[in-house]
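Data block below; observations after.
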Amino acid sequence: MPINRKELITSGGALLFGLLLILFLIPGAIVSPRSVSIAVLDPAFWPKVVSWVLLIIGVCMLLNITFWKKLESQDEPSDWISYKNVFRLSVLTVFLSGYYLSLPYLGMVWSSSLAYILLSIAFCKTGYRFTAVVVGLFLPAALYAFFYHVAGVDIPQSEFARLP
């Protein structure tokens, strides 16, 4: 079975982009202080984690397409461009635009909370609506508490519902 060219380009791109981030972009663009008491608070820590994960995903994808070839036919035309997919992408674009526009008015915590609840209930059609609401309310609040009180990072808030 021949190797799918789209998968090869995607995996090679992920691998090369991860290497580019690790070797050039992160060391050249992010200034890290020498004495950081907690490694997680280093400005380069999370970009390095994301780039290493991207590199590992690229390697795993390359191994997947070389050792475990797909059994389905590669000659069939792909029908990924359909009206249903274009509609979904348009709805998601409008949703994310609304999220972006609500940030100055509701603040990051309440906008993220509302966006998560709407996305999980309306778009994902989850059966766990109560869990989605609880996670949507408590996860942004917990992240705010960590970043504001532990890490000392100021999170944008709204004027009408400020968190302590």
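Remarks
- In loop segments of the range 90-164 as defined by DSSP, the trypsin sites (Lys or Arg not before Pro) with at most 16 further C-beta atoms inside 10 Å of their C-beta are 125, 162.
- Surface composition of the chain: carbon plus sulfur atoms contribute 72% of the solvent-accessible area (1.4 Å probe, protein chains only, all chains present).
- Close lysine pairs were tallied over the chain: pairs 8 or more places apart or on different chains with Cα atoms under 29 Å apart number 6.
- For the chain, the longest principal axis of the Cα atoms and the long axis of helix 5-20 meet at an angle of about 50 degrees.
- (1) 60, 47, 26; (2) 45, 42, 26; (3) 46, 36, 32, with the label sought being that of the calculated Cα extents along the principal axes in Å: (1)
- Where only DSSP H runs of four or more residues are counted, the chain gives -20000 deg cm²/dmol as its mean residue ellipticity at 222 nm, each run worth -39500 (n - 2.57).
The values are calculated or read from the model by the stated rules, or taken from the named source; none is laboratory data. Everything numeric in this text was worked out from a predicted model, so none of it was measured. Cβ coordinates were reconstructed from backbone atoms using ideal geometry, including for glycine residues, and neighbour counts include every protein chain displayed. In case anyone asks, the SASA skips ligands and DNA or RNA and just uses the protein heavy atoms, side chains included. Shrake-Rupley method; radii C 1.70, N 1.55, O 1.52, S 1.80 Å.
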